[in-house]
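K.L.:
Before I ask anything, let me first share the structure, which is written out below as structure tokens.
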Amino acid sequence: MKMIRDWMALLHARGVAMPAKLALAALIALAGPAGAAEPYPDHPITLIVPYAAGGSSDVLARLIGERMSKSLGQQVVIDNRAGAGSRLGTELAAKSAADGYTLLLADMPHAIVPAIQKGVHYDPVQDFTPIGLIGTASMVFFVNPAVKAQTVRDFVALAKADPGKITIASGGIGSATHLTAELFQAKAGIKLVHVPFRGAGPAMNDLVAGHVQSGFTTLATASSVLDRVRALAVASKTRLPTLTSVPTFMESGIDLVVEHWWGVLAPAGLPREIAAHLTEELKAILESQEFAARLEPLGVTVSHATPEQFRGLIESDTARWADIVKSVGISVP
């Protein structure tokens, strides 16, 4: 502003007249837009994980957050908001300002919870802006080593011999692990005792400790305890490269295929330029060979889907799980 005043004074001293409106226009043009915003981002970003620490979503969020912090030049803070099978953290994200400073690490239950819980205060599609799909992975069925079952057929036989006695853990009511467990029971014709936890991490910890006997989760969650649990089957079409000795459910005579996914969302209404900036940052991370190498032992396949394709996946999964929930008859308050 001082430079502009000096320039105007110089013109006046030289006897150069300037109409008031033209002088004002020149002043505005040189001064730039009033209150111009700082380049994005100019302060830390919060990445909400709607689960407790230790689960697959938390692991992926920290891997993504660490790299985005470096590329964006601002810290990405991981905020674990566990509860109600991911509902609490997701609702918090949906209600946050659409300014690029609050993001959500969403996974498959994002599309499940609205079908299974009453009073959900978010729409899985309309209330969010898709930034990008991180990757996909198949569910693995684990048991505590004390369970006298070496195969899925053994486990089903035990469950049928003692119905309603064997426990199965999940990351919460309405979680992917819960719905996969319900599908397993329906397809195998067995009845297990569901024990929900505040996230897949705590569920796996209690499975290792022997407080529960079985449970579904991904390798991303179980990777650090594989030597303390027994994997009986994989809910995929083919065996996993990192678990080649573990058969699929299809090989065991049970038609069970469940592909889990993870992605980054922002509240609806996010400015296009910020959404595009975040998408490019995430894309660069996913295209890194180093990052892909970190995900391989976790059984996660990196995705290269566009934000539009990610939105389509959420739409199709929402419809699919609504049909499954209705057919199985699951409902919680």
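The values are calculated or read from the model by the stated rules, or taken from the named source; none is laboratory data. Values in this document were obtained by computation on a predicted structure and should not be read as measured data. Using ideal geometry, Cβ is built from the backbone for each residue, glycine included, and neighbour counts are taken over all protein chains shown.
K.L.:
Counting only residues that are surrounded by 24 or more Cβ atoms within 10 Å (Cβ to Cβ) and among the β-branched types (Val, Ile, Thr), which one in segment 123-151 is nearest to LEU103 (Cα to Cα)?
P.N.:
If we take residues in segment 123-151 being surrounded by 24 or more Cβ atoms within 10 Å (Cβ to Cβ) and among the β-branched types (Val, Ile, Thr), then ILE131 is nearest to LEU103 (Cα to Cα).
K.L.:
Among the residues of segment 182-192, write down those that are in a helix (DSSP H, G or I), touching a strand residue (DSSP E or B) at 6+ places or on another chain (Cβ under 9 Å) and surrounded by fewer than 24 Cβ atoms within 10 Å (Cβ to Cβ).
P.N.:
Across segment 182-192, the qualifying residues are GLU182, LEU183, GLN185.
For every residue, the table says whether it meets (1) crowded, with 16+ Cβ neighbours inside 10 Å; (2) touching a Ser or Thr at 6+ places or on another chain (Cβ under 8 Å).
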residue	(1), (2)
PRO267	yes, yes
ARG272	no, no
LEU282	yes, no
GLN289	no, no
ALA293	no, no
GLY312	no, no
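Yes/no per residue for (1) modelled with pLDDT of 95 or more; (2) not assigned by TED's automatic domain parsing to the domain that holds PRO130:
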| residue | (1), (2) |
| --- | --- |
| VAL246 | yes, yes |
| GLU251 | yes, yes |
| ALA268 | yes, no |
| LEU278 | yes, no |
| GLU281 | yes, no |
| ALA284 | yes, no |
| ARG294 | no, no |
| GLU308 | yes, no |
| ALA322 | no, no |
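K.L.:
I've got another one for you. Mind telling me which of the residues VAL234, VAL195, VAL208 ends up being modelled with pLDDT of 95 or more, over 19 Å from the mean Cα position of the chain (by Cα) and buried (at least 23 other Cβ atoms within 10 Å of the Cβ)? If you could, list the steps in order and put the result at the bottom.
P.N.:
Working: VAL195 fails: buried (at least 23 other Cβ atoms within 10 Å of the Cβ); VAL208 fails: buried (at least 23 other Cβ atoms within 10 Å of the Cβ).
From the options VAL234, VAL195, VAL208, the qualifying one is VAL234.
K.L.:
Give, as residue ranges, the strands (runs of 3 or more DSSP E) completely inside segment 64-147 that count at least 1 residues that are in contact with a Ser or Thr (Cβ under 8 Å, 6 or more places away or on another chain) and aromatic (Phe, Trp, Tyr).
P.N.:
Numbers: elements: 76-80, 102-107, 128-143.
By residue number, 128-143.
K.L.:
Which of the residues belonging to segment 61-83 are modelled with pLDDT under 95 and crowded, with 22+ Cβ neighbours inside 10 Å?
P.N.:
Across segment 61-83, the qualifying residue is only ALA82.
K.L.:
For ILE274, are the conditions met, namely being assigned by TED's automatic domain parsing to the domain that holds SER71 and either free of Cβ contacts under 8 Å to residues at least 24 places away in the same chain or not acidic (Asp, Glu) (or both)?
P.N.:
On the way: assigned by TED's automatic domain parsing to the domain that holds SER71: yes; either free of Cβ contacts under 8 Å to residues at least 24 places away in the same chain or not acidic (Asp, Glu) (or both): yes.
Criteria met by ILE274.
K.L.:
Could you list, in sequence order, all residues of segment 207-250 that are under 12 Å from THR180 (Cβ atoms) and part of a loop (DSSP other than H, G, I, E, B)? Steps first, answer last, please.
P.N.:
So the first thing to find is which residues in segment 207-250 are under 12 Å from THR180 (Cβ atoms), and the list is 214-218, 233-236, 249.
Correct list: THR218, SER236, PHE249.
K.L.:
Next question. When only residues in segment 287-319 that are in contact with a Gly (Cβ under 7 Å, 6 or more places away or on another chain) and part of a helix (DSSP H, G or I) count, which is farthest from GLY55 (Cα to Cα)? Write out each step before concluding.
P.N.:
Quick first cut of segment 287-319, residues in contact with a Gly (Cβ under 7 Å, 6 or more places away or on another chain) only: 295, 300-303, 307, 310.
Those left that are additionally part of a helix (DSSP H, G or I): 295, 307, 310.
Values: LEU295: 14, PRO307: 24, PHE310: 22 Å.
Residue satisfying both the conditions and the ranking: PRO307.
K.L.:
May I pose another question? From GLY253, GLY269, grab the single residue that is closer than 14 Å to PHE128 by Cβ and either touching a residue at least 40 places away in the same chain (Cβ under 8 Å) or assigned to a loop (DSSP other than H, G, I, E, B) (or both). Break it down stepwise before answering.
P.N.:
Numbers: GLY253 fails: closer than 14 Å to PHE128 by Cβ.
Just one listed residue meets the conditions, GLY269.
K.L.:
Shifting gears a bit: Do we have LEU240 as assigned by TED's automatic domain parsing to the domain that holds THR90 and either hydrophobic (A, V, I, L, M, F, W, C) or over 21 Å from the mean Cα position of the chain (by Cα) (or both) here?
P.N.:
On the way: assigned by TED's automatic domain parsing to the domain that holds THR90: no; either hydrophobic (A, V, I, L, M, F, W, C) or over 21 Å from the mean Cα position of the chain (by Cα) (or both): yes.
No.
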